[in-house]
Amino acid sequence: MGKTIRIGIIGSGGIAGEHARAYKNIEDVEIVGVADILPGRADQFIERWDLLQAKGFDDHQKLLEMELDGVSICTPNVAHHHTTIDSLLAGKNVMVEKPMSVTLEQAVDMVQISKQTGKILNIGFQPRYDPNMGLIKDLVQRGQLGKVYYVETGGGRRRGMPGGTFIRKDIAGAGAMADIGCYSLDLALNTLGYPKPLTVSAYTSSHFGTNPKYHPEADRFDVEDFGIAIIRFEGDLVLNFKTSWAMHMDTLGATMFLGTDAGMKVLPGSSGPWGGVWDGNVGAISLFHDIQGHHTESIIPLIDHKLSVFEEKIKAFVRALREGGPAPIPGEQILRNQAILDGILRSSQTKKEVEIQIPDIG
Ligand SMILES: NC(=O)c1ccc[n+]([C@@H]2O[C@H](COP(=O)([O-])OP(=O)(O)OC[C@H]3O[C@@H](n4cnc5c(N)ncnc54)[C@H](O)[C@@H]3O)[C@@H](O)[C@H]2O)c1
């Protein structure tokens with residue numbers, strides 16, 4: 001029996017339930033407090049998830065007065081920044097849901113405060129815990145493709161638009177590119193070993209979300225439901241990143257890595273109207289290469305596993321809390337993802353290519 005790890009949850013909507021389920025499955029972990037800005041909502045959550053020892057608050061600062069080892073931040077995107085900063089300044093370790101923040105400035109701020117306070121800032125990308133994600137990265141990092149010069153990733157839902165807190169700029173910050181795109185962006189960047197992004201040229205639109213024919217909340221929808229960006233990186237590498245929540249098409253294509261010795265195609269594991277995007281399930285991996293001049297396609301067998309990647313992400317955070325760090329997916333690494341998402345917002349607004357500059361945090 002180890003020391004009991006005391007957890008607080010900020011934001012008690014949909015994904016907080018998955019956090020609660022996963023924490024409850026780990027021995028010697030107790031959710032001791034929950035905060036939600038909507039009065040009474042935290043108490044309802046406590047009851048629903050049978051966390052009867054936990055206290056409910058309608059102000060996260062009150063929760064932060066408790067003795068806590070770690071905090072899960074499960075608010076809509078716009079609130080990730082200030083609730084993370086408040087938690088770190090209160091001396092708590094943080095796991096924040098994806099996407100880390102809305103702007104690059106906010107992400108930089110979060111990393112700076114985590115460094116100043118010496119507290120963990122961990123980003124909740126559960127696909128990282130799929131062993132097949134490790135396999136994809138290994139194939140690239142061990143040089144199976146030669147030099148990689150072009151990557152295409154993203155994917156599209158034919159009709160899979162969320163509602164509620166996801167479709168308003170003042171709450172979500174952005175739409176499809178940040179919501180589901182952030183997973184495929186992380187797949188590409190993590191596989192490539194985090195190359196430095198230099199420029200972004202992006203286009204976004206919202207022809208489906210704003211049309212009452214397609215969305216019941218069209219009158220309040222003001223984020224993008226489709227986006228494409230060309231991102232240049234140091235080392236003569238380019239990424240074509242595209243995502244849709246809705247479109248008149250079955251697919252936006254596979255994730256592909258083109259290298260001088262081989263190409264790799266990765267198919268998503270999910271299908272149907274809400275499928276077709278990388279969300280942590282790998283459907284198939286194949287390598288395209290020449291063998292004695294013959295154009296060959298080799299199917300890479302997937303690693304068979306029964307892991308719940310979501311539970312693995314929570315377990316990894318708890319392990320870091322027990323061991324005093326480091327963060328399994330450090331905020332500092334995800335600055336590059338956020339810099340690209342920030343560039344996409346700026347470029348789509350100005351309709352021009354924009355430069356990416358990430359301040360040196362030291
Ligand atoms: N990792 C995943 O698989 C996954 C899946 C879905 C959502 N998410 C992310 O989780 C976050 C929340 O998504 P959701 O689906 O749970 O949304 P939701 O709208 O269901 O829940 C958000 C909750 O946060 C509360 N809230 C808002 N501002 C707050 C504040 N300042 N302090 C405390 N509570 C506040 C709201 O009242 C609401 O109860 C988003 O950032 C989303 O991108 C991650």
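The values are calculated or read from the model by the stated rules, or taken from the named source; none is laboratory data. It should be emphasised that the depicted structure is a prediction, and the values quoted were computed from it without experimental measurement. Neighbour counts are summed over all protein chains in view; Cβ atoms, including those assigned to glycine, are modelled from backbone coordinates with ideal geometry.
Of all residues in the range 218-239, those satisfying the criterion of being touching a Leu at 6+ places or on another chain (Cβ under 8 Å) and over 17 Å from Thr350 (Cα atoms) are Arg232, Phe233, Glu234, Leu237. Against the condition over 18 Å from Glu97 (Cα atoms) and at pLDDT below 95, how does Gln53 come out, does it pass? Yes; evaluated as a whole, the condition is true for this residue.
Checked against the criterion of being within 16 Å of the ligand (Cβ to nearest atom), crowded, with 23+ Cβ neighbours inside 10 Å and not in a loop (DSSP other than H, G, I, E, B), the candidates Met95, Met161, Met100 yield just one match: Met95.
Pairs, please: C-beta under 6 Å, at least 6 apart or cross-chain, first residue in the same structural domain as Leu52 (by TED's automatic domain parsing) and in the range 18-29, second of a type in the set (Val, Ile, Thr) and loosely packed, with under 14 Cβ neighbours inside 10 Å? Here the result reads Asp28/Thr4, each pair linking the range 18-29 to a residue that is of a type in the set (Val, Ile, Thr) and loosely packed, with under 14 Cβ neighbours inside 10 Å. Inclusion of Ala54 among residues that are more than 14 Å from the ligand (Cβ to nearest atom), crowded, with 18+ Cβ neighbours inside 10 Å and small (Gly, Ala, Ser) is warranted.
In this structure, is Gln112 away from the ligand (no atom under 15 Å from the Cβ), out of contact with any Asp or Glu (no Cβ under 8 Å at 6 or more places or on another chain), more than 22 Å from Glu323 (Cβ to Cβ) and not acidic (Asp, Glu)? Show your work before the answer.
Numbers: away from the ligand (no atom under 15 Å from the Cβ): yes; out of contact with any Asp or Glu (no Cβ under 8 Å at 6 or more places or on another chain): yes; more than 22 Å from Glu323 (Cβ to Cβ): yes; not acidic (Asp, Glu): yes.
Judged against the criteria, Gln112 is a match.
Within the range 115-133, if we keep just the residues that are assigned to a helix (DSSP H, G or I) and more than 16 Å from the ligand (Cβ to nearest atom), the residue that is surrounded by the fewest Cβ atoms within 10 Å (Cβ to Cβ) turns out to be Gln116.
Looking at Glu97, Glu65, just one residue is of a type in the set (D, E, K, R), closer than 30 Å to Gly343 by Cα and at pLDDT 95 or above, and that residue is Glu97.
Going residue by residue through the range 201-217, is there one that turns out to be acidic (Asp, Glu), closer than 18 Å to Ser347 by Cβ and either touching a Leu at 6+ places or on another chain (Cβ under 7 Å) or not assigned by TED's automatic domain parsing to the domain that holds Met100 (or both)? Within the range 201-217, not a single residue is acidic (Asp, Glu), closer than 18 Å to Ser347 by Cβ and either touching a Leu at 6+ places or on another chain (Cβ under 7 Å) or not assigned by TED's automatic domain parsing to the domain that holds Met100 (or both).
Looking only at the range 283-313, residues that are out of contact with any Phe, Trp or Tyr (no Cβ under 6 Å at 6 or more places or on another chain) and either over 30 Å from Leu145 (Cα atoms) or within 16 Å of the ligand (Cβ to nearest atom) (or both) come to 4 in all. Candidates Ala22, Ala107, Ala90: the one that is surrounded by fewer than 22 Cβ atoms within 10 Å (Cβ to Cβ) and within 30 Å of Ile358 (Cβ to Cβ) is Ala90.
Entry remark, the range 282-328: residues being out of contact with any Leu (no Cβ under 6 Å at 6 or more places or on another chain), in a strand (DSSP E or B) and more than 20 Å from Ser270 (Cβ to Cβ) number 9 in total.
Note on the range 264-277: residues that are under 16 Å from Leu187 (Cβ atoms) and either touching a residue at least 40 places away in the same chain (Cβ under 8 Å) or among the small types (Gly, Ala, Ser) (or both) amount to 8.
Quick grid of which residues meet (1) assigned to a loop (DSSP other than H, G, I, E, B); (2) among the β-branched types (Val, Ile, Thr); (3) under 27 Å from Val78 (Cβ atoms); (4) modelled with pLDDT of 95 or more:
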| position | (1), (2), (3), (4) |
| --- | --- |
| Ile136 | no, yes, no, yes |
| Gly146 | yes, no, no, yes |
| Leu198 | no, no, no, yes |
| His215 | yes, no, yes, yes |
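When the range 164-196 is examined, which residues are found to be in contact with a Lys or Arg (Cβ under 9 Å, 6 or more places away or on another chain) and not in a helix (DSSP H, G or I)? Once the filter is applied, which keeps residues that are in contact with a Lys or Arg (Cβ under 9 Å, 6 or more places away or on another chain) and not in a helix (DSSP H, G or I), the range 164-196 yields Ile167, Arg168, Gly175, Ile180, Gly193, Tyr194, Pro195, Lys196. One residue stands out in the range 1-45 among those that are farther than 15 Å from Leu68 by Cβ and modelled with pLDDT under 95: the one that is nearest to the ligand (Cβ to nearest atom), namely Gly2. The residue pairs whose first member lies in the range 194-215 and is on the phi > 0 side of the Ramachandran plot and in contact (Cβ under 8 Å) with a residue 12 or more places away in the chain, whose second member is surrounded by 15 or more Cβ atoms within 10 Å (Cβ to Cβ) and polar (S, T, N, Q), and whose beta carbons are closer than 7 Å, counting only pairs six or more residues apart or on different chains, are Tyr194/Gln333.
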